[in-house]
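Visitor: Next up is a structure, given as structure tokens.
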Amino acid sequence: MLLDFFRAESLSGLSISVLYIEVHRRAEVTCAGSNQTPKIWKTIPSQGEPETIGFSTDNSTQVLTKTPNLEVTVGGSLVFSFPQIYHEGIYLCLYSDGKPDQMKMTTVTVLVPPSPPYIQITGCEDRVRPCFFKEEDTNLVTCAVYGAHPNVSLEWVARNGKDISFSNYEKNVTERGKTFDVSVSANFKVSEDILCDKEISIECHFGGPLAKIMKAEAQALIVPRFCKTKEVAGNLTFMKPLMMSLIICIFVSQIILFIMFRNICKKINDPRKS
């Protein structure tokens with residue numbers, strides 16, 4: 001027999017696992033213990049009393065909640081047959097497994113992909129041909145997604161390491177019911193040492209905790225205002241040690257001249273030498 005031993009104070013110190021599920025795609029949240037272990041599933045609202053969803057015991061199940069598209073399997077898993085945003089929340093599984101007061105808590109977040117289902121770069125509406133930005137025309141780039149959930153983060157990064165840097169990030173969010181339109185703008189600056197034949201590629205992708213789950217990205221190429229040919233860059237590389245040697249020689253010469261001048265002055269001012 002399974003007793004509902006839940007007490008709100010028993011949640012203190014309990015670890016919470018995080019599960020991301022996709023809207024409209026069947027998902028399952030497992031409990032703990034063996035399949036034969038009786039289990040009770042509850043939802044923990046941000047306000048109000050916890051609600052019992054259902055339970056499984058003795059190879060049978062029963063669903064008590066009025067929330068649609070929720071099921072409890074014979075094995076004790078909680079099933080979202082047709083996930084919606086309103087299914088988001090904290091879910092608690094109580095089980096005995098031979099020990100009292102065993103619980104597993106899971107935070108469920110429902111992912112709604114953006115529409116259209118990709119990241120858009122302002123000025124790059126043609127997704128067939130490569131997108132270019134000329135630094136002499138603009139140093140501002142913007143990327144965006146529309147109709148996504150939850151409120152996502154977007155990041156601009158350089159695919160060429162130190163060839164380009166970003167600054168003055170600005171994020172704009174428009175909430176549309178339960179979904180969000182998100183855009184991120186940033187200023188870019190190309191390194192003055194960039195070679196003319198080197199491709200400068202930038203990328204906008206999802207950041208934060210969803211970076212490993214939402215893999216979409218958008219790319220563009222930057223045409224720098226100034227660049228160096230390999231010959232010029234090679235000459236500069238060759239000239240650096242030469243210039244350093246020249247500076248050292250001038251410095252040493254000045255020291256020698258100073259010492260000579262000081263000795264001459266001493267001889268002139270020494271009455272014994274006159």
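Visitor: Looking at the stretch 134-145, is at least one residue loosely packed, with under 15 Cβ neighbours inside 10 Å and closer than 24 Å to residue 207 by Cα?
Guide: Yes; the residues of the stretch 134-145 include at least one that is loosely packed, with under 15 Cβ neighbours inside 10 Å and closer than 24 Å to residue 207 by Cα.
Visitor: State yes or no: is residue 142 touching a Pro at 6+ places or on another chain (Cβ under 7 Å) and in a strand (DSSP E or B)?
Guide: For residue 142, the condition - touching a Pro at 6+ places or on another chain (Cβ under 7 Å) and in a strand (DSSP E or B) - is not met.
Visitor: If you go through the stretch 88-119, how many residues are over 16 Å from residue 44 (Cβ atoms), at pLDDT 90 or above and hydroxyl-bearing (Ser, Thr, Tyr)?
Guide: 2
Visitor: Residues of the stretch 68-80 being in contact with a Gly (Cβ under 9 Å, 6 or more places away or on another chain) and either under 30 Å from residue 146 (Cα atoms) or not in a strand (DSSP E or B) (or both), which ones?
Guide: 70, 76
Visitor: Could we say that residue 267 is surrounded by fewer than 10 Cβ atoms within 10 Å (Cβ to Cβ) and either closer than 30 Å to residue 150 by Cβ or modelled with pLDDT under 60 (or both) here?
Guide: No.
Visitor: Hey, residue 39 hits all of (1) modelled with pLDDT under 90; (2) over 16 Å from residue 86 (Cα atoms); (3) out of contact with any Phe, Trp or Tyr (no Cβ under 6 Å at 6 or more places or on another chain) but one; which does it fall short on?
Guide: Of everything listed in (1) modelled with pLDDT under 90; (2) over 16 Å from residue 86 (Cα atoms); (3) out of contact with any Phe, Trp or Tyr (no Cβ under 6 Å at 6 or more places or on another chain), residue 39 misses just condition (3).
Visitor: Quick check on this structure: which one of 186, 216 is under 16 Å from the mean Cα position of the chain (by Cα) and closer than 26 Å to residue 86 by Cβ?
Guide: So the residue among 186, 216 that is under 16 Å from the mean Cα position of the chain (by Cα) and closer than 26 Å to residue 86 by Cβ is 216.
Visitor: A follow-up question, please. Counting only residues that are closer than 14 Å to residue 106 by Cβ and of a type in the set (S, T, N, Q), how many does the stretch 62-81 have?
Guide: Qualifying residue count for the region: 1.
Visitor: Go over the candidates 170, 125 one by one and state the one that is of a type in the set (Asp, Glu) and modelled with pLDDT of 95 or more.
Guide: Sole residue among the options that is of a type in the set (Asp, Glu) and modelled with pLDDT of 95 or more: 170.
Visitor: With the checklist (1) assigned to a loop (DSSP other than H, G, I, E, B); (2) under 14 Å from residue 31 (Cβ atoms); (3) in contact (Cβ under 8 Å) with a residue 60 or more places away in the chain in hand, flag the one item residue 83 doesn't pass.
Guide: With (1) assigned to a loop (DSSP other than H, G, I, E, B); (2) under 14 Å from residue 31 (Cβ atoms); (3) in contact (Cβ under 8 Å) with a residue 60 or more places away in the chain applied to residue 83, the lone miss is (2).
Visitor: Could you give every pair whose Cβ atoms fall below 9 Å, whose first residue belongs to the stretch 128-142 and is free of Cβ contacts under 8 Å to residues at least 40 places away in the same chain, and whose second residue is in a strand (DSSP E or B) and not hydroxyl-bearing (Ser, Thr, Tyr), counting only separations of at least 6 or pairs across chains?
Guide: Pairs that qualify, where the first residue is free of Cβ contacts under 8 Å to residues at least 40 places away in the same chain and the partner is in a strand (DSSP E or B) and not hydroxyl-bearing (Ser, Thr, Tyr), are 137/223.
Visitor: In the stretch 168-224, which residue that is free of Cβ contacts under 8 Å to residues at least 60 places away in the same chain and among the basic types (Lys, Arg) is nearest to residue 148 (Cα to Cα)?
Guide: 176
The values are calculated or read from the model by the stated rules, or taken from the named source; none is laboratory data. Given the structure is predicted, the values throughout are model-derived calculations rather than measurements. FYI the Cβ positions are ideal-geometry reconstructions off the backbone, even for glycines, and counts take in every protein chain you see.
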